[in-house]
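Chemist: I'd like to ask you about the structure that follows.
The values are calculated or read from the model by the stated rules, or taken from the named source; none is laboratory data. Here the structure is a predicted model, which means the values were calculated and not measured. Here the Cβ positions follow ideal geometry from the backbone for every residue, glycine too, while neighbour counts run over all protein chains shown.
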């Protein structure tokens, strides 16, 4: 497989994961806002959108726990070439990562609104994914000349 094909496949996988993580975080933030404010809102959140967001994030967070617990290159949400980088930037750099992720999982599972510090961790994950996406995009542009 050519270098461009490898980078392109990695890029596509990161784009898909990044978009789904970002959209899921946005849906949970919408729920927090809608549950705290009464009256008219400029946005809506369907139960289907919320359920999809919760299911995706739960699955993604379980994947991250698996990466930390087994330190494995499990296939799934991230290309294997990027797993180590993500582990170093998020999993290994966040104090009490396992506890924090478990707290988020429990909150989502119990249909509770997330706290600000939980959103901060999710935002950090989304930002890291977005940075990886940007790096791969630049590599892809450079490889194509």
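Chemist: Scanning the range 1-43 for residues that are without any contact (Cβ under 8 Å) to a residue 12 or more places away in the chain and not in a helix (DSSP H, G or I), which turns out surrounded by the most Cβ atoms within 10 Å (Cβ to Cβ)?
Modeler: 41
Chemist: Pairs needed: first member in the range 59-79, farther than 22 Å from residue 103 by Cα; second member anywhere, exposed (fewer than 14 other Cβ atoms within 10 Å of the Cβ) and modelled with pLDDT under 80; C-beta distance under 6 Å; at least 6 residues apart or different chains.
Modeler: Here the result reads 73/80, each pair linking the range 59-79 to a residue that is exposed (fewer than 14 other Cβ atoms within 10 Å of the Cβ) and modelled with pLDDT under 80.
Chemist: What number of residues within the range 1-59 are closer than 12 Å to residue 114 by Cβ and in contact with a helix residue (DSSP H, G or I) (Cβ under 7 Å, 6 or more places away or on another chain)?
Modeler: Here the count works out to 9.
Chemist: So, in the range 95-113, exactly how many residues are more than 15 Å from the chain's Cα centre (by Cα) and modelled with pLDDT of 90 or more?
Modeler: So the answer is 9.
Chemist: Does residue 68 meet the test of being exposed (fewer than 14 other Cβ atoms within 10 Å of the Cβ) and either in contact with a helix residue (DSSP H, G or I) (Cβ under 8 Å, 6 or more places away or on another chain) or under 15 Å from residue 18 (Cβ atoms) (or both)?
Modeler: So residue 68 does not fit the description; no.
Chemist: Sticking with this structure for a sec: How many of the residues in the range 86-119 are part of a helix (DSSP H, G or I) and either in contact (Cβ under 8 Å) with a residue 24 or more places away in the chain or surrounded by 12 or more Cβ atoms within 10 Å (Cβ to Cβ) (or both)?
Modeler: Counting residues in the range 86-119 that are part of a helix (DSSP H, G or I) and either in contact (Cβ under 8 Å) with a residue 24 or more places away in the chain or surrounded by 12 or more Cβ atoms within 10 Å (Cβ to Cβ) (or both) gives 18.
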